[in-house]
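The values are calculated or read from the model by the stated rules, or taken from the named source; none is laboratory data. Remember, it's a predicted structure, so these values are computed and weren't measured experimentally. Here the Cβ is made from the backbone with ideal geometry for all residues, glycine too, and neighbour counts use every protein chain on show. Heavy atoms of the whole protein, side chains included, go into the accessibility calculation; ligands, DNA and RNA do not. Shrake-Rupley method; radii C 1.70, N 1.55, O 1.52, S 1.80 Å.
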Amino acid sequence: MIISTVCLSTNSYFMIGPLGALTLAMGVSLFYAWRDARLRPPRRRTRLYQCRECRQVYEDRRNVPLATCPQCGAFNEAVRR
Ligand SMILES: [Zn+2]
């Protein structure tokens, strides 16, 4: 009983090293993921359209491939996401 407890505590004592290294690696990777996400510009939710008829530039939040021009009502493809 006492021997098994000592064995277990010895095993867990030897696990501190690898676990610490693993925790450190996870912490470092999380830090870099957080830093990269912070440096990257936020994703644009709206799509940009330019009308072929009247050259009006407008955006639509619905994320559809074709959107009607607010000025003349013509269908236009998205210029940029
Ligand atoms: Zn138009």
Separation in nanometres of the label points that stand 7 Å from Cα toward Cβ, at Arg40 and Arg52: 3.3 nm
Could you check how much of the accessible area of the chain is carbon and sulfur, as a whole percent, using a 1.4 Å probe? 62 percent
Mean residue ellipticity at 222 nm from the helices of the chain, using -39,500 (n - 2.57) per DSSP H segment of n ≥ 4 over the full residue count, to the nearest 500 deg cm²/dmol? -17500 deg cm²/dmol
Helix 2-39 versus the longest principal axis of the chain: what angle, 0 to 90°, nearest 10, using Cα atoms? 20 degrees
For the chain: accessible area per residue (Å², 1.4 Å): 90 Å²
Quick one: give the max-minus-min coordinate of the C-alpha atoms of the chain along each principal axis, largest first, in Å. 86, 25, 12
Treating only the Cβ atoms of Lys and Arg (+1) and Asp and Glu (-1) as charged, compute the dipole magnitude of the chain about its Cα centre; round to the nearest 20 debye. 420 debye
